[in-house]
Amino acid sequence: MMGCGLFNVKTPEELALVRLGVKKEEITDYQQMIFDRGHFAEFCARPIVEKLVGKRFANVTGYITDPRVSKGISASLDGMDMSGEVLFEHKIWNEKLAETIQKGKIEPGYYWQLEQQMLVSGAKEVVFVTSDAFVVAEGDSPENYPFYSDALINDEGYTYYTAATRLVMMVYKPVRGRAKKLIEGWAAYEAMIPQLLIDNPDWAQVATRFLSLDDRIIALQEELKNLKSQQEPVKDLIVSVTKKLDSNLLIGSGIE
């Protein structure tokens, strides 16, 4: 929305089209794997950071209203301490990010997120962390790693630890004027949306036809993906048959 995304960068107009459902955005299996890894690293890092800073953090989703923004402003927090004054935000280990954290100068794509979290929650600061946190394997000692949690209990009642080989953090505090710019950005974003919408029956009819074909294309792409996965073991079978016939090259039945 502020025009400074870090990944899968969009202009504010492109973002609006996705949020309105006009433009479809598919999450690839690889992207989903990255998201899952990030969430797991966050889960593992939280107790380590709690131990380092002496606070307990809980996941919170917040929402506020502002007269300048009709839809309100929300934020998903990796953690908020019991006082509501300190937040926790985690990113999976990234060398470039680690360098900027150590220098105390993070990019706009990160600080706007932190500013919005503080604006929504009313917190005074964010413990901003990047790490490669993980669950310590059974039989391994957490003391083998430079960062590790206190003993934890899982749902089955077993004790476990989390640890990290790399962890860098900083305390981010709101910068004067940024919250105001953030609200102005949301207001400008909302004002732009009506300009992207067309209330016209001819347009609606053509758009509906296009989207129905688009849905079919997506379904066929998924079917093609499934068929290719079914084809893989058959390829292996062809190779095994070739080996049984003691030949490096066979041509027949349309296959070489």
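The values are calculated or read from the model by the stated rules, or taken from the named source; none is laboratory data. Being a predicted model, the structure only gives us computed values, none of them experimental. Here the Cβ is made from the backbone with ideal geometry for all residues, glycine too, and neighbour counts use every protein chain on show. Heavy atoms of the whole protein, side chains included, go into the accessibility calculation; ligands, DNA and RNA do not. Shrake-Rupley method; radii C 1.70, N 1.55, O 1.52, S 1.80 Å.
For the reader, a short list of remarks on this structure follows.
- Over 28 Å between alpha carbons, listed pairs K96/K173; K24/K91; K24/K105; K55/K173: K24/K105
- Judged by the gyration tensor of its Cα atoms, with axes a ≥ b ≥ c, the stretch 176-223 is oblate; a/c meets the 1.5 cut and b/c is at least as large as a/b.
- Tensor-based shape of the stretch 160-256 (alpha-carbon gyration tensor, a/c under 1.5 rounded, otherwise prolate or oblate): oblate
- L211-I198 pseudo-label distance in nm [points 7 Å out on the Cα-to-Cβ vector]: 1.4 nm
- Prolate/oblate/rounded call for the chain, Cα gyration tensor, a/c under 1.5 rounded: oblate
- Rounded to the nearest 20, the Cβ-based charge dipole of the stretch 151-256 about its Cα centre (Lys and Arg +1, Asp and Glu -1) stands at 720 debye.
- Accessible area in the full protein assembly, largest first, 1.4 Å probe, for F147, F57, F7: F7, F147, F57
- Estimated from the Cβ-Cβ distance and a Förster radius of 30 angstrom, the FRET efficiency linking A219 and K10 is about 0.75.
- Area of K51 that stays accessible when all protein chains are in place (1.4 Å probe, Å², to 10): 80 Å²
- Ranked from largest to smallest solvent-accessible area, with a 1.4 Å probe on the protein heavy atoms, L227, L152 come out as L227, L152.
- Computed on protein heavy atoms with a 1.4 Å probe, the accessible areas place E190, E222 in the order E222, E190, largest first.
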